[in-house]
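Visitor: I'd like to ask you about the structure that follows.
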């Protein structure tokens, strides 16, 4: 999983401090033994050099390259923070990022945005989405389209989140609103979007977010044929999603033709 460098570095330093060990190769190799000694049977035991060769060096290389996150094994992260008194890595992150509310925290991570193709073609459009806290601990959402990258801050009220996403070239924007309710581990989130179509007209429609365990950096944009029997290539997409977008007329809301901009347009 991807985790913020500052959070895992803090956990590693706190663990070394708790064990009264130095924050270097020698100390981290001894820390591994202290952590393993306290782990319940269902937690992953850490390898002898894991804390230094994998975690410590990943932190140093990430900082050197200007990265904000590193990719590490979730089970090993669970083991590290258990030593500090947390149930798992999610529990630790929630404690370190208090600005992310209990409603928003369960949807942190990577998703696929799914919408019906606006042109009327029998296609679904999938785009990578990432929900996380930025450097100021403000919840944000990113959407990587085939041509533009969008981002915006998240607001929430009444069990819903909403965000105005602006493209990286400041040319286009999209407004998103999703119902998140009280679910602790949602796999599908229903919502709507609004914006301006490629033809320059106001447009709105329904959209879903589908949870993904892929790293954001390797997620792709997909154009998926809309079919009652999806091909094996897209078997990873649940069939109810295809049914949800089956009727084009229920997927979009558009205004009528506007030319005179008076009552004659109604």
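Visitor: When the residues of segment 207-238 are filtered to those that are more than 22 Å from the chain's Cα centre (by Cα) and modelled with pLDDT of 90 or more, which remaining residue is surrounded by the fewest Cβ atoms within 10 Å (Cβ to Cβ)?
Guide: 233
Visitor: Against the definition (in a helix (DSSP H, G or I) and buried (at least 18 other Cβ atoms within 10 Å of the Cβ)), how does residue 79 come out, yes or no?
Guide: yes
Visitor: Restricting to segment 122-159, name every residue that is without any contact (Cβ under 8 Å) to a residue 24 or more places away in the chain and over 22 Å from residue 69 (Cα atoms).
Guide: 147, 155, 157, 158 - these are the residues of segment 122-159 that are without any contact (Cβ under 8 Å) to a residue 24 or more places away in the chain and over 22 Å from residue 69 (Cα atoms).
Visitor: Turning to a different aspect of this structure: Starting from residues that are assigned to a helix (DSSP H, G or I) and more than 17 Å from residue 192 (Cα to Cα), keep the ones in segment 244-266 and report whichever is nearest to the chain's Cα centre (by Cα).
Guide: Selected residue: 265.
Visitor: Which numbered condition in (1) in contact with a helix residue (DSSP H, G or I) (Cβ under 7 Å, 6 or more places away or on another chain); (2) at pLDDT 95 or above is the only one that residue 115 fails?
Guide: (1)
Visitor: Scan (1) surrounded by 14 or more Cβ atoms within 10 Å (Cβ to Cβ); (2) touching a residue at least 40 places away in the same chain (Cβ under 8 Å) for the single condition residue 244 breaks and write down its number.
Guide: (2)
Visitor: Here's another thing I want to ask about it. I want to confirm something. Restricting to segment 50-71 and keeping residues that are outside any helix (DSSP H, G or I) and free of Cβ contacts under 8 Å to residues at least 24 places away in the same chain, which single residue is farthest from residue 130 (Cα to Cα)?
Guide: Here the answer is 65.
Visitor: Starting from residues that are crowded, with 17+ Cβ neighbours inside 10 Å and assigned to a loop (DSSP other than H, G, I, E, B), keep the ones in segment 167-206 and report whichever is modelled with the lowest pLDDT.
Guide: In this case the residue turns out to be 180.
Visitor: So, in segment 83-100, how many residues would count as being within 18 Å of the chain's Cα centre (by Cα), in a loop (DSSP other than H, G, I, E, B) and modelled with pLDDT of 85 or more?
Guide: Within segment 83-100, residues that are within 18 Å of the chain's Cα centre (by Cα), in a loop (DSSP other than H, G, I, E, B) and modelled with pLDDT of 85 or more number 0.
The values are calculated or read from the model by the stated rules, or taken from the named source; none is laboratory data. Since this is a predicted model, take the numbers as computed values, not measurements. Glycine gets a Cβ as well: all are built from the backbone with ideal geometry, and neighbour counts include every protein chain shown.
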